[in-house]
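Read through the structure below, which is laid out as structure tokens, and then see the notes.
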Amino acid sequence: MAAVGTLAKVARLSSSLCRSHRLIFNRSSQRRGIASCIDPAHGLSDEQREFQKVAFDFAANEMAPYMAEWDHKEIFPVETMRKAAQLGFGGIYVQPEVGGSGLSRLDTSVIFEALSTGCVSTTAYISIHNMCAWMIDTFGNTEQREKYCPDLCSMEKFASYCLTEPGSGSDAASLLTTAQLKGDHYILNGSKAFISGGGDTDVYVVMCRTGGKGAKGISCLVVEKGTPGLSFGKKEKKVGWNSQPTRAVIFEDCAVPVANRLGEEGQGFTIAMKGLNGGRINIASCSLGAAHACVQLARDHLLVRKQFGETLSNNQYLQFRLAEMATKLVASRLLVREAATALQENRPDAVSLCSMAKLFVTDECFNICNQALQMHGGYGYLKDYAVQQFVRDIRVHQILEGTNEVMRMIISRSLLTES
């Protein structure tokens, strides 16, 4: 397809780029190379390896050198993301006729894993933006797709996903934001909490109640920044994910045209959940990138750090822990890629596999990063060392896109109800 050809061409051009930047702070792992047993290129086609390389190169050259600064100064790196969009990363699984790259869910996972080695926080926002663009592309009519998708895919405009509310987190179907129909507009009242990009983004994909209680009373509206009655709360101070702003999104008699509704009335919760199935793979892929980077950071530290007259790499306990980290990394990657394939093929087990991937991978990858920090000793707790930022940035992956407790509910329900 055309998008793959473009990415492949960029990959060949990128091979001549200067690789003098260190990947992150003190990071030398890329100069040492990737150990074959954890190589993320295993099992990929030639085309997938090409755009994986594009993503790795972009992460190394355009993201990693600035990751710490974006975190410390809480910078939303708009221009960097627009550069990523020029490579096709603004609408990876959006259809080409509206500006997307038209790639598969597996391709998308490969890209997000690679980008996250450069900055988890920024990549995670890009993944949310992609999810919103896909929702409009998939559930929008021709006019909506042509109006919103091209600017989202180029990242001339940015999107936010608005489901969670102050009183409805895991119980998303109990949301209270209302949309009352008056003529050719809905009048929105209510608020959304913990919205990534809130206040800085241009398009808000909002789940709101147009009918009665429960999931069937929820619809999905696209609300544009600048609409009267739309406002934002204070910028939240977070443990991680500091390169993307997080705010409450507030609706006070906010009039939104009926023409901005995605799908039919009452279809909103289905749209939200279908978006999250892919979102769970995406966020698991971001965790994979962090864990991959941390395994390499830990390995490199063990090879140079000396205690008791020899390098830590000679300590059998640490050797075994590193082996366990690498094994869990590869197992996580295989599960994510199986779930991505299932979702792409619309298999009956797709929802459960997406939940399994999100549960297992975000838990295990956090443990990998945390163990890497422990291996660094006191140095790992310093902000001069990248490992601590990976730990901070991926901790929230066990909470968002459906908590890992909710993932257990989805998986067990599937096991207990299927005949």
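Considering only Cα atoms, the convex hull volume of the range 199-255 works out to 109 Å³ per residue. Expressed as a whole percentage, what fraction of the accessible surface of the range 39-154 belongs to carbon and sulfur atoms when a 1.4 Å probe is rolled over the protein heavy atoms? Within the range 39-154, the accessible surface is 46 percent carbon and sulfur. On the range 305-419, 56 percent of the accessible area sits on carbon and sulfur atoms, based on a 1.4 Å probe. Measuring nothing but how far apart in sequence close Cα pairs (under 8 Å, 6+ apart) lie, relative to its length, the chain scores a relative contact order of 16 percent.
A convex hull fitted to the Cα coordinates of the range 269-417 yields 107 cubic angstrom per residue. Toward the positive end of the charge dipole of the chain, with +1 on the Cβ of Lys and Arg and -1 on the Cβ of Asp and Glu, the farthest Cα among VAL54, PRO257, GLY377 is that of GLY377.
Note on the range 151-215: the alpha carbon radius of gyration divided by the globular reference 2.2 N^0.38 Å gives 1.22.
Simple rule: put +1 on each Lys or Arg Cβ and -1 on each Asp or Glu Cβ in the range 159-266, find the dipole, and look at ALA193, PRO228, LEU181; the Cα lying farthest toward the positive end is ALA193.
Dividing the Cα radius of gyration of the range 159-266 by 2.2 N^0.38 Å, with N the residue count, gives 1.02.
Remark: the range 258-269, residue by residue, has Karplus-estimated 3J(HN,Hα) of 4, 4, 8, 7, 8, x, 8, 4, x, 8, x, 5 Hz, where x stands for each Gly or Pro and the curve is 6.51 cos²θ - 1.76 cosθ + 1.60 at θ = phi - 60°. Working note: Karplus 6.51/-1.76/1.60 with θ = phi - 60° gives the range 245-254 the couplings x, 10, 9, 6, 10, 10, 10, 10, 6, 8 Hz, where Gly and Pro are set to x.
Altogether, the Stokes-Einstein calculation at 37 °C and 0.692 mPa s, with the Kirkwood radius of the chain over Cα pairs as Rh, returns a diffusion coefficient of 151 µm²/s. Surface exposure of the range 80-124, expressed per residue as accessible area with a 1.4 Å probe, stands at 20 Å².
Accessible area per residue for the range 266-419 is 44 Å², calculated with a 1.4 Å probe on protein heavy atoms, without ligands, DNA or RNA. Taking packing as the residue-averaged number of other Cβ atoms within 10 angstrom, the listed peptides 86-98, 345-357 run from highest to lowest as 86-98, 345-357.
Please give the charge dipole size of the range 39-154, origin at the Cα centre, charges +1 on K and R Cβ atoms and -1 on D and E Cβ atoms. Round to the nearest 20 debye. Could you put the intermediate results ahead of the total?
On the way: 8 positive and 17 negative charges, 28 e Å.
For the range 39-154, the charge dipole is close to 140 debye.
Near the amide H of HIS185, within less than 5 Å, lie the amide hydrogens of VAL258, all on another chain or at least 5 residues away, with H placed in the peptide plane.
Send over the Kirkwood Rh of the range 39-154, from the inverse of the averaged 1/r over different Cα pairs, rounded to one decimal Å.
Working: mean 1/r = 0.0694 Å⁻¹.
Its Kirkwood hydrodynamic radius stands at 14.4 Å.
Taken along its three principal axes, the alpha carbon spread of the range 242-316 comes to 72, 25, 14 Å, from the longest extent down to the shortest.
For the modelled label position 7 Å from the Cα of LYS234 along Cα-to-Cβ, which residues of the range 164-196 have backbone nitrogen atoms closer than 15 Å? Of the residues in the range 164-196, 194 have backbone N under 15 Å from the label point off LYS234. Helix-derived [θ] at 222 nm for the chain: sum -39500 (n - 2.57) over DSSP H runs of at least 4, divide by residue count, nearest 500? Taken over the chain, the calculation gives -16500 deg cm²/dmol.
Near LEU288, within a Cβ-to-Cβ distance under 12 Å, what is the net charge of the other residues, with Lys and Arg +1 and Asp and Glu -1? The partial results should precede the final answer.
Details: positive: LYS328, ARG333, ARG337, LYS358; negative: GLU113, GLU364.
Summing Lys/Arg as +1 and Asp/Glu as -1 gives +2.
Overall, the accessible surface of the range 159-266 at a probe of 1.4 angstrom is composed of carbon and sulfur to the extent of 54 percent. Across the range 332-399, Cα pairs under 8 Å and at least six residues apart give a relative contact order of 27 percent.
The values are calculated or read from the model by the stated rules, or taken from the named source; none is laboratory data. Quick caveat: nothing in here was measured; it's all calculated off a predicted structure. In this analysis, Cβ positions are derived from the backbone assuming ideal geometry, glycine residues included, and neighbour counts consider all displayed protein chains. SASA here: full protein model, heavy atoms, side chains in, ligands and nucleic acids out. Shrake-Rupley method; radii C 1.70, N 1.55, O 1.52, S 1.80 Å.
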